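Following: one structure in structure tokens, then a few remarks.
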Amino acid sequence: MASVNVEKLVKKYGDLEVLHSIDLDVEDGQFVVLLGPSGCGKSTLLRTIAGLESSTSGDISIGERNVNGMHPKDRNIAMVFQNYALYAHMKVRDNMAFSMHLNKTPAARIEERVNWAASILSLEPYLDRYPKELSGGQRQRVAMGRAIVRNPDVFLFDEPLSNLDAKLRVQMRTEIKELHKRLKTTTVYVTHDQIEAMTMADVVVIMRDGHIEQMGSPMEIYDNPANLFVAEFIGSPGMNLLAGKIVEDSGKMICRVGELDLPLPEQMNISAGQDVLYGIRPEHLIPSETGVKATINVVEPTGPETHLFCHMSGHDVCAVSRERMNWKADEVILVEPTLEYVHLFDAQTKEAIKRKT
Amino acid sequence: MAEAQINHQDGRGGRKLLALPQWLTSEHPLPWLFPATAMLIIFGIYPVLYSLWLSFFKRNPATRVEKFDPSWNWSKLIADDRVWDAVVVTLTYTSVALIIQLVLGMLIALLLDSDRRGFGVLRALMTLPLVVPPAVTGMMFLLMYDGSFGVISHVLYDLGILSPNAPLLANGSTALLSVIIVDVWQWTPFMVLIMLAGLRALPKDPFEAAAIDGATDVQAFFRLTLPMMSKIIALAVLIRGIDLFRIYDYVKVMTDSGPGTATETLTAYTGTVYFKSADFPYASTVAIFTLLTVLVVANVFIKIFRVRF
């Protein structure tokens, strides 16, 4: 096991710079998820750590070793690919044993390791099958088996669950998490699925356009998004964002959005006249006895909670309630933002406005 | 307006704009199969059956009279040493040329399998020998091999590999190899094309996985590339093998089966019997025998290497 340190990593394809001076520290045993939209550079970063792409400048170390320019085979890493990348002409057993065949591990040891991995991943009945005779989930397990038999320093996962159906994805998510709990191997995991990131990660790294936007524990990122991009990217349904202006009203700061006056928490670093975006997550905009008038447009019951898509004086917002009320479209209700969860973003810089400490 | 008129002419007021003859719009398979089937029968099946029929006749070259005698030509063939020599020459020619073309083709394809600038042009240039007519290639090499002014012979003289007393094509031990080299020059690009198509269709991921699993490039080639390409390689061997088996043009143009019968292949011998001795029934017999040999060898290969089409 080992830590992974990336320092001032730059990756260019010709003149196109796709990673801009990335700094990333993954501690020994940590599960780090790189999250971002397509083309944000997360896969490139992972592949550069793996050695499948060369870096233009900067340093990558795994454990104590600087691995710049080192062939992937010498980095003692294991990688699981989105489309499994199994060796189609080899049986499951040989797929998993491939790396050990290459380094001439004794047959008894290979047998022992393959059986160990197969038992962890419930692959024993399939060891003598070919990949084409397996289902998607089983193939993904073989790919993981191939990774764990080697006892690598670092696991790298490149969107490993994207090709699976929704139910299997949830199941494999748990399995990967359990596997990590059991093996405690440092893991870097790439995904564009925020639920995967939230549920699996010790640390989520949000990337956009080759930059790291924010790094932190899933709840830290959810509760304190550093900027508008992170706020919008994390959470489903997404955070309600209303463009407004800070106004001083009888000694209190409020946010005026059109005709609406929205309350603000105390101690915000704001001044009257400032243009801001008022952000509130749907579950913190709660139907109640007091608050702001909103007309229900669509009611979406999901089971545990009900999403209410409303018009609020010209703005579309979503409110979430866990109550089982018999709401109807066109009904007028009152919704109340929970003050401590209100986020403010500067309209120009799009950065989050911090509270005074 | 125009549409209305056509509809009017159609007479039925239907939606059909063009009234084609019924057999051209038929959904029955026969009208569509007829042209190809007719070609196959006239130019493929009939000549083979006619040759087979012919092989059952004994021809008297002096009187030009053909008499039905089913066993005559076939017993003659079995006793004919030139046929068996030709079988050996043909098999030697086919296997040696095939192995060289296969290995060279794969190596060149590996070199050309790149997305870097200029490689597309290289791949296109590589195919140029294929557009030269084989007879012209034979003539070209005949000149280059020539003992007195040929460039290849002179280079070999200068290197001390060859003596001017034993010109390449006039020497029993070098003539066959010299013809094989011409075949290799012309047909290796074909092998390169097939191999390149196969290489470029290989998925990238397993190779990345193998690199991470610790495979060197050489290990990846033998453990991944070759097994993943096995079907394509088998197909290439089959196509080229059958093609090589019916070698005629280079031998005819360059050595005319000589010196002696050192380069006489089955097809060359068939040609000699047919055109020089005018013994059409016996030539047909040798031709049918050649066909049977190809069928047996090819099918054994298909069985052993489990080639699927």
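Just so it is clear, none of the values below were taken in a lab; they were calculated from the coordinates. On a predicted model such as this, the values are computed, not experimentally measured, just so you know. Positions of Cβ are generated from backbone atoms using ideal geometry, with glycine treated the same way; all protein chains shown enter the neighbour counts.
Taking a ≥ b ≥ c as the square roots of the Cα gyration tensor eigenvalues, with a/c under 1.5 meaning rounded and otherwise prolate when a/b beats b/c, else oblate, which class fits chain B? Kindly include the intermediate steps, with their values, before the conclusion.
Details: a/c = 1.96, a/b = 1.12, b/c = 1.76.
Because a/c hits 1.5 or more and a/b fails to exceed b/c, chain B counts as oblate.
Quick check: convex hull of the Cα atoms in the protein assembly as shown, volume per residue, rounded to a whole Å³?
Working: hull volume 222.3 nm³, N = 666.
Roughly 334 Å³ of hull volume per residue.
At a Cα cut-off below 15 Å, give the aspartates and glutamates reachable from residue B:76, other chains included and same-chain residues fewer than 8 away excluded.
Straight-distance partners of residue B:76: B:85, B:279.
Using a Förster radius of 51 Å, what is the FRET efficiency between residue B:278 and residue B:200 based on their Cβ-Cβ separation? Nearest 0.05, please. It would help to have the intermediate numbers written out before the result.
Details: r = 51 Å, r/R0 = 1.00.
My answer for the efficiency is 0.50.
Whole Å is fine, so just give me how far the alpha carbon centre of the stretch B:169-198 lies from that of the stretch A:246-321.
With the stretch B:169-198 and the stretch A:246-321 each reduced to a Cα centre, they are spaced 80 Å.
If one takes the longest principal axis of the Cα atoms in chain A, at what angle in degrees, from 0 to 90 and to the nearest 10, does the Cα axis of helix A:136-148 lie?
Relative to chain A, helix A:136-148 is tipped by roughly 70 degrees.
If amide hydrogens are placed 1.01 Å from N in the peptide plane, which non-local residues have theirs closer than 5 Å to the one on residue A:214?
Those qualifying (amide H under 5 Å, at least 5 residues apart or on another chain) are A:206.
Residue A:298: net charge of surrounding residues, Cβ under 15 Å, Lys/Arg +1, Asp/Glu -1, itself excluded? Before the final figure, lay out the partial values.
On the way: positive: A:328; negative: A:300, A:305, A:316, A:330, A:331.
So the surrounding residues net to -4.
What shape does the stretch A:203-354 take by its C-alpha gyration tensor, where a ≥ b ≥ c are the square roots of the eigenvalues and a/c under 1.5 counts as rounded, a/b above b/c as prolate, and the rest as oblate?
Working: a/c = 2.04, a/b = 1.18, b/c = 1.73.
Because a/c hits 1.5 or more and a/b fails to exceed b/c, the stretch A:203-354 counts as oblate.
So which lysines can residue A:104 reach, going by Cα to Cα under 24 Å and dropping same-chain residues fewer than 8 places off?
Answer for residue A:104, where 24 Å is the Cα cut-off: A:73, A:91, listed by chain and number.
Taking the highest mean first, how do the peptides B:189-202, A:51-64 order by number of other beta carbon atoms within 10 angstrom per residue?
Values: B:189-202: 19.0, A:51-64: 16.9.
Ranking the peptides B:189-202, A:51-64 by packing returns B:189-202, A:51-64.
Give the long-range amide H neighbours of residue A:34: residues separated by 5 or more places, or on another chain, with amide H under 5 Å away, using H modelled in the peptide plane at 1.01 Å from N.
A:189, A:190, A:191, A:205
Of A:11/A:350; A:181/A:356; A:167/A:328; A:132/A:181, which sit over 28 Å apart, Cα to Cα? Write down the numbers at each step before the final one.
On the way: A:11/A:350 26 Å; A:181/A:356 38 Å; A:167/A:328 31 Å; A:132/A:181 30 Å.
Distance filter (> 28 Å) returns A:181/A:356; A:167/A:328; A:132/A:181.
Near residue B:303, which lysines are there with a Cα under 22 Å away, not counting those fewer than 8 places off in the same chain?
B:231
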